Amino acid sequence: LDERLKRYTTIADRLMEEVIRPCMRQLLACFPEAERPDELQSRHGCACRFPHTARFPATAVLDLGVTRDGDVQTVVVQYDLQLLPILHPINAEARLSMPLDQIDQRRVACWAEEQILTFVDSYLRLVTP
């Protein structure tokens, strides 16, 4: 178990630094009003907050991170979205699971980008003229 925990930590650290955080930085670059508050960040989690504005009449918190199952056999990349008020159907959560010994970083990157694009689509539907 201890060896699996060490492997998980190495994998999760790499996914955060090479995939998750760069994706979130790109998202933040597109929305200047968004922020990455320190209290929403963790070693294996990265969140962005989108405040209510005249153009976007809702608040949103998007969280992407990496976790594992209890016996450290599976790595789980997770997407969670809180969007209030909910004015149309949204994809509020998604998970990508992979065996600890079969992590495909390219698949994680594609999945994370897909989730962010899903969020952007939902968020842009809120635009008021």
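The values are calculated or read from the model by the stated rules, or taken from the named source; none is laboratory data. Just so you know, these numbers come straight off a predicted model, no measurement behind them. Using ideal geometry, Cβ is built from the backbone for each residue, glycine included, and neighbour counts are taken over all protein chains shown. Remember, those area values only see protein heavy atoms, side chains included, never the ligands or the DNA or RNA. Shrake-Rupley method; radii C 1.70, N 1.55, O 1.52, S 1.80 Å.
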Breaking point among (1) modelled with pLDDT under 95; (2) out of contact with any strand residue (DSSP E or B) (no Cβ under 9 Å at 6 or more places or on another chain), for Arg14 = (1)
Flag if Arg25 is open to solvent by less than 70 Å² (accessible area, probe 1.4 Å) and not in a loop (DSSP other than H, G, I, E, B) = no
query = Can you find even one residue in the stretch 83-97 that is over 15 Å from Arg125 (Cα atoms), touching a Ser or Thr at 6+ places or on another chain (Cβ under 8 Å) and open to solvent by 30 Å² or more (accessible area, probe 1.4 Å)?
reply = yes
task = For the stretch 98-129, enumerate the residues that are surrounded by 13 or more Cβ atoms within 10 Å (Cβ to Cβ) and touching a strand residue (DSSP E or B) at 6+ places or on another chain (Cβ under 7 Å).
result = Met98, Leu100, Ile103, Val108, Trp111, Ala112, Gln115, Phe119, Ser122, Tyr123
ask   = among the β-branched types (Val, Ile, Thr) and in contact (Cβ under 8 Å) with a residue 24 or more places away in the chain, is that true of Thr53?
value = no
remark   = Listed by first then second residue, the pairs whose first member lies in the stretch 75-91 and is touching a residue at least 60 places away in the same chain (Cβ under 8 Å), whose partner is assigned to a strand (DSSP E or B) and crowded, with 19+ Cβ neighbours inside 10 Å, with beta carbons under 6 Å and at least 6 positions apart or on separate chains, are Val75/Arg68; Val77/Val66
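Going by the structure shown, is Cys30 under 30 Å from Val127 (Cα atoms), in contact (Cβ under 8 Å) with a residue 60 or more places away in the chain and open to solvent by 40 Å² or more (accessible area, probe 1.4 Å)? Reasoning before the result, please.
Working: under 30 Å from Val127 (Cα atoms): yes; in contact (Cβ under 8 Å) with a residue 60 or more places away in the chain: yes; open to solvent by 40 Å² or more (accessible area, probe 1.4 Å): yes.
Answer is yes for this residue.
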query = Of these, Val77, Val61, Val72, Val19, which one is on the phi > 0 side of the Ramachandran plot and open to solvent by less than 80 Å² (accessible area, probe 1.4 Å)?
reply = Val72
